[in-house]
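The values are calculated or read from the model by the stated rules, or taken from the named source; none is laboratory data. Just so you know, these numbers come straight off a predicted model, no measurement behind them. Heads up, the Cβs are rebuilt from the backbone with ideal geometry, glycines too, and the neighbour counts pull from every protein chain shown.
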Amino acid sequence: MNEHVNIVFASDRNYIQHLGAALVSLLVNNPELAFTVYIISSGMTAKDRRRIEEIVKGYNCEVRHLTVSDDLFVTLATEHPMYPKGIYYRLLIPSLIDEKKVLYLDSDIIVNGAIRELYNIELGDAYVGAIEDPGFDRHEKLRMDSSARYFNSGMMLINLSKWKECGLQKKVIDFIEHHPDAIWFPDQCGLNSIINGQWKKVPLKFNQQSSFFSKGFDEEFNSFSRDELHEARTKPVIIHYTSGSKPWHFKNRHPYKSYYWKYLKMTPYRHAIYSDLRPMHLLKSMIPKDIKSAIKKILKHQAG
């Protein structure tokens, strides 16, 4: 009997294609596991769902779609309009999923190897297993202890029993809502504030971030050893495209960019092109900023 693993993705419609690449990479590289994959989304179409089912066909994988309303996050999204509402969906995991433990993955991820080692890590009393985001120094702003480490929320092995036990969901949402000036990355800052260092470090290879390849990274940050950085850079199990430049952008230069396109070709989105080379994007890029502003003002006036 295959070992069972619970996976959670959260996505809006703009990221369905990327979720498809992440999902197939997970299944291809972990054939010995049985999966329940929860997809939290708002407005996924019947066509989107059929494509997801096409991806998982032939694998030991059950997909459960959890539909939420964007109205739940109107207040939070107003305070942080540059972020899509989809980033808040992961905060709903405790109220939507009845499991003791889940592995949460962002949609801008490619799984490049076996995750059994990660999933079987004992969390004990920790809220999550994660990796550190280096260079954090805003402890006071987030009401965190000065010694607490700040983790990246794009990959979290979640102790869901503990999240529910302490009412983490409400506490995080309340913090984001009442401390908007302290927030840089809404869900991530909120989670770190409430968890306040009570999380467990997992091997760096399970969340390779784009910043690891930036010039001078080793000299600027001392959070990781040379060996673990080398392993994460050369033998990543989970590749997380964390910067604003993604592999689906033409000018992106991520060293593992080709991995995204490799797995995307295994999905119904195999004929996709670079998002910034699509006709509508190119057309918009040709419109001067002052004209764009004028159009927005007209549309806003008409809507009012």
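Within region 190-197, at least one residue is within 21 Å of the chain's Cα centre (by Cα) and modelled with pLDDT under 95.
Regarding region 215-225, can at least one residue be identified that is part of a helix (DSSP H, G or I), within 23 Å of TYR15 (Cα to Cα) and modelled with pLDDT under 90? No - not one qualifying residue is present in region 215-225. When MET44 is tested against (1) in contact with a Lys or Arg (Cβ under 9 Å, 6 or more places away or on another chain); (2) modelled with pLDDT of 90 or more, just one condition goes unmet, and that condition is (2).
Per this entry, ILE238 is not counted among residues that are hydrophobic (A, V, I, L, M, F, W, C), crowded, with 22+ Cβ neighbours inside 10 Å, over 24 Å from LEU19 (Cβ atoms) and in contact with a Phe, Trp or Tyr (Cβ under 8 Å, 6 or more places away or on another chain). Pairs meeting the criteria (first residue in region 1-29 and within 17 Å of TYR88 (Cα to Cα), second residue assigned to a helix (DSSP H, G or I) and of a type in the set (Ser, Thr, Tyr), beta carbons under 7 Å, at least 6 apart or on different chains) are ALA10/TYR89.
Inclusion of MET156 among residues that are of a type in the set (A, V, I, L, M) and touching a strand residue (DSSP E or B) at 6+ places or on another chain (Cβ under 9 Å) is warranted. Checking each residue in region 203-213 for being surrounded by 22 or more Cβ atoms within 10 Å (Cβ to Cβ) and hydrophobic (A, V, I, L, M, F, W, C) picks out LEU204, PHE206. Checked against the criterion of being more than 29 Å from ARG116 (Cβ to Cβ), out of contact with any Ser or Thr (no Cβ under 8 Å at 6 or more places or on another chain) and surrounded by fewer than 16 Cβ atoms within 10 Å (Cβ to Cβ), the candidates GLY190, GLY216 yield just one match: GLY216.
Could you check, for region 41-60, whether at least one of its residues is in contact (Cβ under 8 Å) with a residue 60 or more places away in the chain and hydrophobic (A, V, I, L, M, F, W, C)? Yes.
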